[in-house]
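The values are calculated or read from the model by the stated rules, or taken from the named source; none is laboratory data. What you see is a predicted model; the values in this text were computed from it and never measured. Note that we place each Cβ from the backbone using ideal geometry, even for glycine, and neighbour counts take in every protein chain shown.
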Amino acid sequence: MGYPPPYPPPHGGGGGGGGGYPYGTPPPHVGYYPTNHPQLLPFPIPPQRTSGFARGILAALTFLVVASCTISVIMYIVLRPQIPEFYVTAFSVTNFNISNSVPMGSWDANVTVDNKNQKLKAYFERIQSYVYYDDPRTFLSWSTEPAFSLERKTSGVIHAKMTTIDGEQPRAAALEEMDEERRKGTVVFGLGLGLMGTFKSGWWWTSHFGMRVYCDGLDVGFVGASGTGSLRGGNPRQCVVYV
C-alpha cells in the first residue's frame, strides 16, 4: 500500500521566511496597521477665546437694549407725556396787495402754546413760522422765533412777525382766488410752525421730538381798499399738531 504524495513546497522559494501562504503568516487584511506603526492623530484645535468674548459682548448689548426699552415704556406709563396744544389768538396783515402776480404784505400772529403735562417741563427751539395760502408748501412769508420753555401746567405765547419772501409763489389759480377774496373783503390764510420740542422730568428723563403745526382757516377781514386786515371773530383758533 503506497503513501500519498507529499504537499507541494511553499511558493516563493527560499527558506523559511513564511513568505508563502498557507503555511506562512497570512497576509494582512485591508486597512490593517501593525501595532508598531505610528498612527496619525488629528491635530488638536486650540480653543477660540475670541468667540466667548464676542458672545459676552453680544449678551451685554442685548441686555442693555431690552433694559432701555423697558425703562422707556415704564417712564411713558408713569409720566404720560401729552403733546402741547397750539391756538392762534391774534392774526393780522398790513400793506397787503397782489402786484404782478406776487402777493406782498407783513403778517403778525400770536400763538398760545399750552403745556398740559403735570410732570414734564417743555422746551421749544429752532422755531420757524410761515404764512401760506391754500398750500402749506408755498410760503407767502416766514420768520424764525426765539426759543422758550414752559413749566408744568403753564402756557406761553409765540409772537411771530413775518414778511414777504422771494420764494415759491402760489399757483396761478390760487392767486386768482386770493385776489377775488381780497375784492370781496375776506382772505383765508394759513399759519404754519415747525419746531423741535423736548420734555424733561428732572435730570434723569428726557424725550426729544419734532413738530409740525398747521393753523388753517384764518379768515382775515379787510376794510375798503386798505391793505390792512385782521382775524375775524374773537375766538382762538386751535391748530393741528403732527409729531
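Restricting the search to strands (runs of 3 or more DSSP E) fully inside the range 90-205 and requiring at least 2 residues that are over 28 Å from the mean Cα position of the chain (by Cα) and either closer than 20 Å to LEU218 by Cβ or modelled with pLDDT of 90 or more (or both) gives 102-115, 139-145, 154-164, 186-201.
For the range 215-229, state whether one or more residues are surrounded by 13 or more Cβ atoms within 10 Å (Cβ to Cβ), out of contact with any helix residue (DSSP H, G or I) (no Cβ under 8 Å at 6 or more places or on another chain) and not in a strand (DSSP E or B). Among the residues of the range 215-229, at least one is surrounded by 13 or more Cβ atoms within 10 Å (Cβ to Cβ), out of contact with any helix residue (DSSP H, G or I) (no Cβ under 8 Å at 6 or more places or on another chain) and not in a strand (DSSP E or B), which makes the answer yes.
Out of all the residues in the range 59-89, which are over 28 Å from ILE127 (Cα atoms) and either modelled with pLDDT of 95 or more or among the hydroxyl-bearing types (Ser, Thr, Tyr) (or both)? Hits for the range 59-89 are THR62, SER68, THR70.
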